[in-house]
Amino acid sequence: MQVFTTIIFLLLLVVIGTVLHRKFSRIPAALFQVLLGGVFGVLMPSLQFDFKPELFLLAVIAPILFFDGYHASRTAFWTYRWPILLMAFGLVFITVVGLGFTIHLLIPEMPMAVAFALAAVLSPTDAVAVKSITKGMSLPKGLMTILEGESLINDAAGIVSFKIALAAAMTGVFSIWEGSSNFLVVALGGALVGFIGALLIVQIRLLLRSFGFEDVYSLVSIQIITPFVIYLIAEAFHVSGILAVVTASIVYGIERDKLQQTSLQMQVVANNTWSIVGYLLNGFVFVLLGFLLPEVWTGLWQTHEYPFFFIVMLTFVIAMALFMIRFLWVYVLYPIFQGKKEVSLWFMEELNQEAASGGVQYRRGYYSLFAAVCGIHGTITLATALLIPDTMNDGSTFPLRDTFLFIAAGVVLISMIAATIFLPILGKSEVSSETKQRSMTVVHADMIQYMIEQMEKKAETDRWLLTQTVIAKLKRQLIYVEQGLAFNYSKKALDELRDFVHVQERVLVKSYVNKGKISKRLSRIYLAYRQKVDAYIRMNVIRRYWHNIKLSILQTKIQSGFNEKEKHVMNVVHELRSLEKEIQPQIMDMLSEHERASNRREMLLVKEEQQDRLRLFEQVKYVDEEVRDQLKAIHLEGIEYGRSFITREREVGAISVMEAHELRERLLYSEMIVIKEGEELDEK
């Protein structure tokens, strides 16, 4: 029960860390999560989280890597396959060997195998952290793709290296040659098991669909179970379960691409499910690190493995060594990163040629520096470090375990903080003076606004209320989307618009009296009624609920029979209803003419209030099949306006290809929801 309670609290901290990141976007969410985990660990020392390393590898790391591989772009990876492989395998090998010897020299008491295990832990990188920091910046062409591919494959390579070094540390037998050959056998064997296993599971899913089995949730559940099954099978054959999972994720991604047009609902459910799982697991690892840090620091003070400040200094030296290894590796292989097949070591000659020809966007040194700073260590480094056992096979304490964990955590934090500071300095803003790109939130909001405007222009008289019902739904969606833009209303602007509505209503009512359309008595009743409706709109949920109960009682009484007084009241109500239906469209048109960029948000709220007032008299009966079909048709027309918006914006270059693709995905999802809701109502 205590473990479950701890997990729930840690997952809650993941969400809180994300909220803080949204408020202070320049600071990565991972840093907030580590900090919150540390505070939680200090404040709640009684809570414990004991776990077996192998279970952690299966339950946390395997699904994280499967999630990354499933969403990876195979086309982009193939284009940059050589840089990715050189970073994922070549750099990992150089890091493990070179950094391993360096750590052993710096800490002679740390056995060679343990030093190599620590170097293996520090070799994986985290492309997700890079994305969060570089959002809004322009990276060198192809670099993000290389970082994503490197992150996916070197995670697996680093974990395999770590397990081999850890096994050597536990047994006391260590050989670089034996370790390297073992690495090839375990890695290739794991990739083979993952490939065959994933093909079999994919074929099972396709076979089920060929027999007419289209239950989306069952098919997606098979996909969710896949990384665990593949991992267990690979480990049973004594090969790398992690590489097997990564390979399986790529096979699943190929299947996803083939079925993208034929199984939209399954893609939406699978993507959303994996997004939530990946988000929680990634955040959980960072929060768990922070939660365990107080225990690690306490262990360092109590065991006196090394003086605390000496360990801090060592952590900075090791972080700098990692940076230099990465910088030099990219610097030497720079031509391959630029698409050239040969590597020349005449660096100065190439630099002079670049300068004479105008050069490329990023010179060799600048590109290498950028790539080195982007080498952020994150989730997999922390998760792998947590696999260190407390004791050796003979029952003795694992050598320098607290030092090991502290250095791993320290390097992660240093890499994140350094990237947060220096990447914005190195990067170039994506926004240019000629083609100013808007954020996806702004583009999405503009698309919904365009849909609303087109629907308002072409709203037919005979279905005006139905159109306004769909528009109201879109406006609520627009308000929800724009909340990501510090969505704050101006009370002054709201009051001005509400006063504008009241003035125009009085003007219209007076004009109706002068034309003899309504009596003075009805005009006074109407204006008094509008005040009552305004009060209702501003009621809180509880008061509005109680008001509706009283209204229901009154309706029941009316249905049981009228007296003369009640009949007169109902006649007045019918007159008010007719007047309302005639005045309201004119008020909405006046509001649209009065709308400006400066009051658009407040205008949305006031228009929503006006529609709420009308719906108090005219309740749409959704159970009516004809009305329901009309609502669905109107909504689908609005979605077509959204597609027209995307085409227009793409033609003028206001949005990128990726932004257009994402907007179309959102419209497809909305379309699927509209159609699905109609089917569910038909079933009912």
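Bear in mind these aren't lab numbers, they're just calculated from the coordinates by the rules spelled out. On a predicted model such as this, the values are computed, not experimentally measured, just so you know. Positions of Cβ are generated from backbone atoms using ideal geometry, with glycine treated the same way; all protein chains shown enter the neighbour counts.
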How long are the semi-axes of the equivalent ellipsoid of the stretch 5-111, taking √(5λ) for every eigenvalue λ of the Cα gyration tensor, in whole Å from largest down? 31, 24, 16
Note down the nm distance, to one decimal, between modelled labels 7 Å out along Cα→Cβ at F211 and at K23. 5.4 nm
So who's got an amide H within less than 5 Å of the one on E305, skipping anything under 5 residues away but keeping other chains? H placed 1.01 Å off N, in plane. none
For an R0 of 60 angstrom, estimate the FRET efficiency from the Cβ-Cβ distance between A633 and M313 and round to the nearest 0.05. 0.30
Would you please put 206-219, 140-153, 6-19 in order of how densely packed they are, using the mean number of other Cβ atoms within 10 angstrom per residue and starting with the highest? 140-153, 6-19, 206-219
Once normalised by the length of the stretch 1-142, the mean sequence separation of its alpha carbon contacts under 8 Å that are 6 or more apart gives a contact order in percent of 20 percent
Peptides 271-277, 59-65 ordered by average Cβ neighbours within 10 Å, highest first: 59-65, 271-277
For the stretch 154-162, just list the computed ³J(HN,Hα) in residue order, Karplus coefficients 6.51, -1.76 and 1.60, θ = phi - 60°, integers in Hz, with x standing in for Gly and Pro. 6, 4, 5, 4, x, 5, 4, 4, 4
Could you tell me the calculated FRET efficiency between I8 and I336, based on Cβ-Cβ distance and R0 = 41 angstrom, to the nearest 0.05? 0.30
Separation between the N393 and E640 pseudo-spin-labels, each 7 Å from Cα along Cα→Cβ, expressed in nm? 7.2 nm
Arranged from highest to lowest average of other beta-carbon atoms within 10 Å per residue, in what order do the peptides 304-313, 157-166 appear? 157-166, 304-313
What's the extension gain from L199 to K473 if we count 0.36 nm per residue and subtract their Cα-Cα distance? 94.3 nm
Label-to-label distance, nm, for residues given as E109 and H574 (7 Å Cα→Cβ offset): 9.6 nm
Cβ-defined net charge surrounding S523, 14 Å radius [Lys, Arg +1; Asp, Glu -1]: +4
Listed pairs K475/K515; K510/K532; K607/K632; K581/K607; K457/K532; K510/K632 exceeding 27 Å between Cα atoms: K475/K515; K457/K532; K510/K632
Karplus (6.51, -1.76, 1.60) ³J(HN,Hα), θ = phi - 60°, over the stretch 113-121, in Hz, Gly and Pro reported as x: 4, 5, 5, 5, 5, 5, 4, 5, 4
Overall dimensions of the stretch 135-257 by Cα: Rg and Dmax, Å: 17.8, 56
Quick query: amide H of M137 versus all other amide H atoms, modeled in the peptide plane; which residues come in under 5 Å with a sequence gap of 5 or more or a different chain? E430
